[in-house]
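The values are calculated or read from the model by the stated rules, or taken from the named source; none is laboratory data. Model, not experiment: these values are computed from the prediction. Here the Cβ is made from the backbone with ideal geometry for all residues, glycine too, and neighbour counts use every protein chain on show. Protein only, heavy atoms only, side chains kept; ligands, DNA and RNA dropped before computing areas. Shrake-Rupley method; radii C 1.70, N 1.55, O 1.52, S 1.80 Å.
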Amino acid sequence: MTNTTDGDLLLKNITAQAPFPICFADLEKAVAEKIPAGPFGYIRSGAGGEQTLRNNRSAFEKYSIVPRFLNDVSNVHTTINLFGKTYPTPLLFAPVGMNGMVHEEGELAAVRAAQQLNMPYIQSTVSTYALEDVAEAAPSATKWFQLYWSTNEEIAFSMAARAESAGFEAIVLTVDTVMLGWREEDVRNQFSPLKLGYAKGNYINDPVFMASLPNDSFESYVQGVLQNVFHPTLNWEHVRELKRRTNLPILLKGILHPEDAKLALENGIDGIIVSNHGGRQLDGVIGSLDALPPIVSAVNGQIPIILDSGVYRGMDALKALALGADAVAIGRPFVYGLALEGQQGAEKVMTNIYDELKVSIALAGTTSVEGLRTITLVKNDGTEVK
């Protein structure tokens, strides 16, 4: 619970010190000036002509809040419950790969930030540091493991088993990366972090993957990753087999169609992350927020729904929660913070997003995440959503 009269959340950011970038545009500009064009372009860009990237933003701009006033909003509750655990905020660290591109401590710094803020952290398969190292860096953090399937499916099962052994609390299977999206910015910059070894952490520490290589050279590792990271045969039977192989809850990341959400329920999936991979996979795709309400309707409260992709500020998170998301995952913003100031930068970014969310909940006229479900939203054409 936050008492909104205990200091002004905006004024605390106005100090005599040099300001840390507080909005996404300023963050992006600062990072563009600090890191090389290759890593920056990889993080910033979307697939193809970047329509999906734009759709994510226009989806949030499509909805407006009709606030209510003369309610006591002095105490705002932002707690949520996921898989039997209570968290003080509805924000998560989204899985973003190869953090070593932007900071030498990479995922280790990110998970320490998550631990400090008591926000769940989702680690990518294609991480610079191994999941065991991440687990050791922040033993009290809630950690989930995002799994990319492998052409050699035994590698996927091995990574899931390692995550369970290391104390990770859920498996997040990403389903929208059966092959790499058409990423023109990376071609323009002639930049591939996979080929540079930034994704090596989990692979070089996996016994099944290493046993599949002809030798232990760097070139062999790169070819091994490239041969396994794309998996166009992935289907529901693989999902069912993964469920048989692990005791952890399984979430599917990348669901955009309500019929796929229904199939997830039929196959015993424990959670859904509504996501278009931050606009980095298929171009011309529906914005993640536009995909959310039909999926919320289809799931009807049976399993948690997390909204991912295009969430750049607290007001974005508020709209997602108001439209039925149980939690919201933040990606690019925390990576930009990591690039600027490591762990402290990631903490600052996530804290600013959370502080804006708290202020906005109160100004909307309610006092909790649950209360957001009762507020009125309208579309730009005047249509009342609820």
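Take each peptide in 173-185, 146-158, count the other Cβ atoms within 10 Å of every residue, and average; sorted highest first, the result is 146-158, 173-185. Neighbours of residue 284 by Cβ distance under 11 Å: Lys/Arg scored +1, Asp/Glu scored -1, total -1. A Cβ-based charge dipole, computed about the Cα centre of segment 21-377 with Lys and Arg at +1 and Asp and Glu at -1, lands at about 580 debye.
By DSSP, the beta bridges lying fully in the chain are antiparallel in about 30 percent of cases. Note on the chain: helix-only mean residue ellipticity at 222 nm, from DSSP H runs of 4+ residues weighted -39500 (n - 2.57) and normalised by residue number, equals -13000 deg cm²/dmol.
Need one word for segment 19-148: rounded, prolate or oblate. Basis is the Cα gyration tensor (sqrt eigenvalues a ≥ b ≥ c); a/c below 1.5 gives rounded, then a/b vs b/c decides. Taking the square roots of the gyration eigenvalues as a ≥ b ≥ c, segment 19-148 is oblate. In whole angstrom, how far apart do the alpha carbon centroids of segment 270-346 and segment 104-177 sit? Answer, in whole Å: 18. Net charge of the neighbourhood of residue 223, taken over other residues with C-beta under 15 Å away and scored Lys/Arg +1, Asp/Glu -1, is 0. Along segment 192-203 the Karplus relation, 6.51 cos²θ - 1.76 cosθ + 1.60 evaluated at θ = phi - 60°, assigns HN-Hα couplings of 9, x, 4, 5, 8, x, 6, 9, 6, x, 6, 6 Hz to successive residues, with x for each Gly and Pro. Under 11 Å from the Cβ of residue 50, count the other residues' Cβ atoms, weight Lys and Arg +1, Asp and Glu -1, and hand me the total. Combined, the nearby Lys, Arg, Asp and Glu give +2. Residues whose amide H falls under 5 Å from that of residue 255, counting only those 5 or more places apart or on a different chain, are 273, 275, with hydrogens built in the peptide plane. Converting phi to 3J(HN,Hα) with the Karplus coefficients 6.51, -1.76 and 1.60 and the offset θ = phi - 60°, segment 64-69 yields 10, 8, 9, x, 10, 10 Hz in sequence order, with x at every glycine or proline. Accessible surface of the chain, 1.4 Å probe: 52 percent of it comes from carbon and sulfur atoms. Using θ = phi - 60° in the Karplus curve 6.51 cos²θ - 1.76 cosθ + 1.60, the 3J(HN,Hα) couplings for segment 333-345 round to x, 5, 5, 4, x, 4, 5, 7, 9, x, 3, 5, x Hz; x is entered for Gly and Pro. Its relative contact order, with pairs defined as Cα atoms under 8 Å and 6+ residues apart, puts the chain at 25 percent. Accessible area per residue, 1.4 Å probe, Å², for segment 21-377: what's the number? Heavy-atom SASA per residue in segment 21-377 reads 38 Å².
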